[in-house]
Every structure is written in structure tokens, then in C-alpha cells.
Amino acid sequence: MFKGIYNGKQYHMGDIQAVLKRAWSAGVERIIVTGGSLEESKEALAIAETDARLFCTVGVHPTRCKEFEDSGDPEKHLQDLLTLAKEGKEKGKVVAIGECGLDYDRLHFCPSDIQKKYFEKQFELAYTMKLPMFLHMRAASQDFCDILQRNKDR
């Protein structure tokens with residue numbers, strides 16, 4: 001988003017430095033850059049490494065969970081997320097797993113069964129990494145709460 005690209009189209013020049021400058025000037029002390037896919041999580045970590053006040057998440061947004069299946073090897077994809085989370089946590093930059101959850105308002109991006117499957121898988125990441133989760137829920141409260149209930153001990 002800070003590159004000015006939305007849905008594959010360039011709308012404005014990259015402005016991350018200007019955004020950060022305004023944030024610091026306004027008194028913001030820390031920022032968490034959110035990862036919404038494996039690639040975005042890599043970018044989020046790279047951004048976080050540029051400033052001591054920046055941190056990030058590693059995870060896959062519910063509307064992008066098809067990337068696990070599309071990768072051809074969902075378990076390797078999950079392992080790649082785990083490796084990235086470990087690397088970032090060791091650097092003191094990865095502070096949560098996410099943004100993950102369920103989004104039933106935008107099922108045209110990813111069906112609910114795939115969202116549910118990989119929401120649960122990301123609990124494994126959080127548990128393994130001993131990190132909190134950055135959660136997302138839209139129009140999926142019952143399934144969301146059921147999954148949270150099943151995973152509350154993790």
C-alpha cells in the first residue's frame with residue numbers, strides 16, 4: 001500500500017517515508033506493519049528493520065489464504081511463514097502472527113473452508129513462536145468463535 005499500488009495498479013508514488021515522518025511528528029512512538037501474505041510479511045519485516053520503532057506481523061489474511069493451496073505445497077508454505085517468523089522474532093521485529101482470521105464478506109477472494117483451515121494452521125504458528133495473534137473477523141462470528149474456542153489453550 002505504501003508503494004502506491006492497489007489491486008495491481010499504481011495510484012500514487014511510494015510514500016512510506018512521508019507517512020512515517022508524519023507519524024513520528026504526531027507523537028506515534030511505535031508502529032506494527034501488518035503482513036497479509038507470505039510476500040507481504042517479508043516486506044513488512046524488511047520495513048521494520050529500517051527503524052527501531054517499527055515492528056511487524058507475519059501471517060496470511062483470510063482473503064489471501066488460497067496462497068497456501070496455490071503454492072503447490074501448503075505445508076512448505078506454512079514452514080516458510082514459520083522460518084520468517086523465527087528470523088524476525090530473533091531480530092526483535094516480529095511481534096505477532098497475523099493478520100489472520102475469517103472474512104465471509106469477501107468469499108470471492110477465498111472460500112470459507114480454506115479460510116477456516118488456514119486460520120487454524122496459523123494458531124500452530126502462534127503457539128510454536130509463543131506470539132500473540134493479530135486477528136481479523138468480518139461476517140463470520142460463529143465460525144470465528146468456534147475456532148477460537150477450539151484453540152483457546154494455544
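Worth pointing out:
- Only one entry in LYS116, LYS91 is of a type in the set (Lys, Arg), open to solvent by 50 Å² or more (accessible area, probe 1.4 Å) and either touching a Cys at 6+ places or on another chain (Cβ under 7 Å) or farther than 26 Å from ASP143 by Cα (or both), namely LYS91.
- If you go through region 81-108 and keep only what is within 21 Å of PRO132 (Cβ to Cβ), among the charged types (D, E, K, R) and assigned to a helix (DSSP H, G or I), you end up with LYS86, GLU87, LYS89, GLU90.
- Subset of region 39-62 that is touching a helix residue (DSSP H, G or I) at 6+ places or on another chain (Cβ under 8 Å) and surrounded by fewer than 23 Cβ atoms within 10 Å (Cβ to Cβ) - its residue that is farthest from GLY101 (Cα to Cα): ASP51
- When we screen GLU75, GLU39 for residues that are acidic (Asp, Glu), under 13 Å from the mean Cα position of the chain (by Cα) and either in a helix (DSSP H, G or I) or closer than 27 Å to PHE119 by Cβ (or both), the only hit is GLU39.
- Pairs where the first residue, in region 4-30, is charged (D, E, K, R) and the second is modelled with pLDDT of 85 or more and surrounded by 10 or more Cβ atoms within 10 Å (Cβ to Cβ), C-beta under 7 Å, 6+ apart: GLU29/ARG53; ARG30/ARG53; ARG30/PHE55
- Residues of region 16-31 satisfying the condition of being assigned to a loop (DSSP other than H, G, I, E, B), under 20 Å from LEU45 (Cβ atoms) and open to solvent by less than 80 Å² (accessible area, probe 1.4 Å): VAL28
- Cβ-Cβ under 6 Å pairs, at least 6 apart or on other chains, region 86-111 side touching a residue at least 24 places away in the same chain (Cβ under 8 Å), far side part of a loop (DSSP other than H, G, I, E, B) and of a type in the set (A, V, I, L, M): ALA96/LEU131; ILE97/LEU131; LEU102/ALA140; TYR104/ALA139; TYR104/ALA140; ASP105/ALA139
- Residues in region 119-145 that are crowded, with 17+ Cβ neighbours inside 10 Å, more than 13 Å from GLU99 (Cβ to Cβ) and of a type in the set (Gly, Ala, Ser): ALA140 only.
- Conditions (1) more than 14 Å from PRO62 (Cα to Cα); (2) surrounded by 14 or more Cβ atoms within 10 Å (Cβ to Cβ): number failed by LYS152: (2)
- Contacts under 8 angstrom Cβ, first residue in region 127-154 being in a helix (DSSP H, G or I), partner loosely packed, with under 14 Cβ neighbours inside 10 Å, 6 or more apart: TYR127/ARG154
The values are calculated or read from the model by the stated rules, or taken from the named source; none is laboratory data. Every value quoted in this text rests on a predicted model; they were computed, and no experiment measured them. Note that each Cβ is placed from the backbone with ideal geometry, even for glycine, and that neighbours are counted across all protein chains shown. These area figures cover heavy atoms from the full protein model, side chains too; ligands, DNA and RNA do not enter into them. Shrake-Rupley method; radii C 1.70, N 1.55, O 1.52, S 1.80 Å.
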